[in-house]
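> Before I ask anything, here is the structure I am working with.
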Amino acid sequence: MKRHLALAAVTALASAFAATAGDVVGTITLKGTPPKEKDITPLKEDPNCGKLHTAMPTTKFYVVGAKGELADVVVSLEGISGKSTGASAKPVVMDQKNCIYVPQILAVQTGQKLVVKNSDPVLHNVHSVPTVAGNPEDNKAQMPGGADLTFSFPKAEEFIKFKCDVHPWMFAWVSVFDHPYFAVSGADGTFKIANVPPGKYTLKANHRKAGVVTQEIEVKDGAPTTVALSLDAK
């Protein structure tokens, strides 16, 4: 009987938390005109990778919509006490297509699996280069159609560089958080951080080129918290 009562109490507590947690949703826009993207000439001239492109490929430092919607911004909450659920979280997938990492900006939790695929007909090597002590550097070759590679990191760190030493124009950046309260803005500039406990937090938006902007927010009793942020082109 005591065991059933304890289970019921835990279930009730979880239900109460779920009822009061709220989502943080918003849109990120870019102010100003971003620099012109650069041609990736070595890719087009490569005898194997070049034939995968009919036009000159370019960098994608700023992915901006018609109304300034800014993609690839890593949005996270600071001042939150949540713990990583990375060990049980669904793996995040990064692919290599046409000798480019897709996507190039990702975010995971500590301990969460990052699965890297090779959809190209060429050899790649996936080389992670963290800078925080405790996050291991790794370098793994991956044949065309080869088995997926798996990476994970025990420490929080923003923008860990992934590169291919075979194809030196290939880069991706992976941010690692020790909690699940983060998102990456999509092509429409929107983001959603789900199930945030009520409280006051600092919302941080970090873009590799445009930099960082923060805003103080408060999540209240299950209601969505809507935010509009903007970053300056640099």
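The values are calculated or read from the model by the stated rules, or taken from the named source; none is laboratory data. Predicted model only: the values in this text are computed from it and were never measured. In this analysis, Cβ positions are derived from the backbone assuming ideal geometry, glycine residues included, and neighbour counts consider all displayed protein chains.
> Whether any residue in segment 16-25 is small (Gly, Ala, Ser), more than 28 Å from the chain's Cα centre (by Cα) and modelled with pLDDT under 95 is what I want to check.
The answer is yes, given that some residue of segment 16-25 is small (Gly, Ala, Ser), more than 28 Å from the chain's Cα centre (by Cα) and modelled with pLDDT under 95.
> Now for a different question. Does VAL174 fit the bill of being under 13 Å from the mean Cα position of the chain (by Cα) and surrounded by 15 or more Cβ atoms within 10 Å (Cβ to Cβ)?
Taking the combined requirement at face value, the residue satisfies it.
> Another question, then. Is it the case that some residue within segment 185-193 is closer than 27 Å to SER128 by Cα, touching a residue at least 60 places away in the same chain (Cβ under 8 Å), in a strand (DSSP E or B) and hydrophobic (A, V, I, L, M, F, W, C)?
Yes, segment 185-193 has at least one match.
> Right, next: Which of the residues belonging to segment 46-58 are part of a loop (DSSP other than H, G, I, E, B) and exposed (fewer than 15 other Cβ atoms within 10 Å of the Cβ)?
PRO47, ASN48, THR54, ALA55, MET56, listed by residue number.
> Counting only residues that are crowded, with 17+ Cβ neighbours inside 10 Å and of a type in the set (A, V, I, L, M, F, W, C), how many does segment 126-143 have?
Of the residues in segment 126-143, 1 are crowded, with 17+ Cβ neighbours inside 10 Å and of a type in the set (A, V, I, L, M, F, W, C).
> Scan segment 59-73 and give yes if some residue there is part of a loop (DSSP other than H, G, I, E, B), of a type in the set (S, T, N, Q) and over 15 Å from the mean Cα position of the chain (by Cα), otherwise no.
Checked segment 59-73: at least one residue is part of a loop (DSSP other than H, G, I, E, B), of a type in the set (S, T, N, Q) and over 15 Å from the mean Cα position of the chain (by Cα).
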